[in-house]
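The values are calculated or read from the model by the stated rules, or taken from the named source; none is laboratory data. The structure displayed is predicted, hence computed values, not measured ones. Positions of Cβ are backbone-derived with ideal geometry, glycine not excepted, and every protein chain shown enters the neighbour counts. These area figures cover heavy atoms from the full protein model, side chains too; ligands, DNA and RNA do not enter into them. Shrake-Rupley method; radii C 1.70, N 1.55, O 1.52, S 1.80 Å.
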Amino acid sequence: MKRTLSLMMITLFTLSLLAGCNTVRGVGQDIEQGGEAIQESSS
């Protein structure tokens, strides 16, 4: 029982880390697109 619980906790932790990475990447892309829009409007 302890082994199963530990495995489930490790799996959930790993999945949350992977989801967090995708979120950070998405935020970076959004910021980059916002910066490009500002540059284009100022030209």
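Here are the numbers for this structure:
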{"item": "Rounded tilt (10° steps) of 2-42 against the dominant C-alpha axis of the chain", "result": "0"}
{"item": "Nearest-0.05 FRET efficiency for residue 25 and residue 1, computed from C-beta distance (R0 35 Å)", "result": "0.40"}
{"item": "Option label - mean projected area of the Cα convex hull in nm² computed here, alternatives (i) 3.4; (ii) 3.9; (iii) 2.3", "result": "(iii)"}
{"item": "Distance (nanometres) between label positions extended 7 Å along Cα→Cβ at residue 12 and residue 39", "result": "4.3"}
{"item": "Whole-percent carbon and sulfur share, accessible surface of the chain, 1.4 Å", "result": "66"}
{"item": "Accessible area in square angstrom per residue, the chain, 1.4 angstrom probe", "result": "97"}
